[in-house]
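To start, the structure itself, in C-alpha cells.
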Amino acid sequence: MSEGPKLYTNKPKKAQVKQFQQQQQMKGTGLSASSSTMGAQPSPPPPPPPPPPKEPFVRRYKFVWPLLLTVNLAVGAYFFMRTRKNNTVLEEKEVAPPVETTAPVPVTEKPLPSLPTAPVKLRDPIPENQQREIFKWLLEEKRKVKPSNPEEKKRIDEEKAILKQFIRASSIPTF
C-alpha cells in the first residue's frame, strides 16, 4: 500500500508530516466507517500551504558581493601596476644609450663653502679570528639566498668564491 518515499523540492516540517499522516489515517478509517453508515462526516482540513521558496544564492549572500568586487578590483590593480612597472623598466633600458651633444656647454663651478667637519676617529682593527667568523657567517647567508635569474646566481657564486678564499687564507688582508 505504501508508495515509497516521496521526493520533495522543499522538505516539509515534522508537524506537517504528522498532520498529513493523521489525515491519511482518518481517510482510511473514514471510508470503512462511511460505507457502513452514511452519517455526517467532518470535512478534512484544507492542505497546508506550500512552504515559501528558498531565497536565491545572490540574495542569501548579498553581504559577500561588495567584498568580492573590492578584492577583484585590488587584484586587477596589482597586476596592472606590476606589468606596467616591468614595461617601464624595459623602456628605460632601450632609451638608455647616451645622446652626444655637438656643442659643449660651459660649466662654471662655484666653490662650496667649507663645512666644519668633526675629526674622523679611527677604530680598532677587528681581530683575524673574528673576521673569519664573520666571513663564515656571510658565506652561510649567501648559501641561503635563492637567486631569481642566472646573472644573480653567477654574482652570488663569485662572492662565495671570494669569501672561501678569505676563509682559507693564512692571513686576511686589511681594508
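Read-outs throughout are calculated quantities, based only on the coordinates presented, and are distinct from any laboratory measurement. Predicted model only: the values in this text are computed from it and were never measured. Cβ atoms come from the backbone with ideal geometry, glycine included; neighbour counts cover every protein chain shown.
Key figures for this structure:
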| item | result |
| --- | --- |
| Chain lengthening between Phe79 and Gln21 when straightened (0.36 nm per residue, less Cα-Cα) | 14.7 nm |
| Label-reachable residues, region 150-175, where backbone N falls under 16 Å from a point 7 Å from Arg132's Cα toward its Cβ | 163-174 |
| Nitroxide proxy distance, nm - points 7 Å out along Cα→Cβ at Thr70 and Glu140 | 4.4 nm |
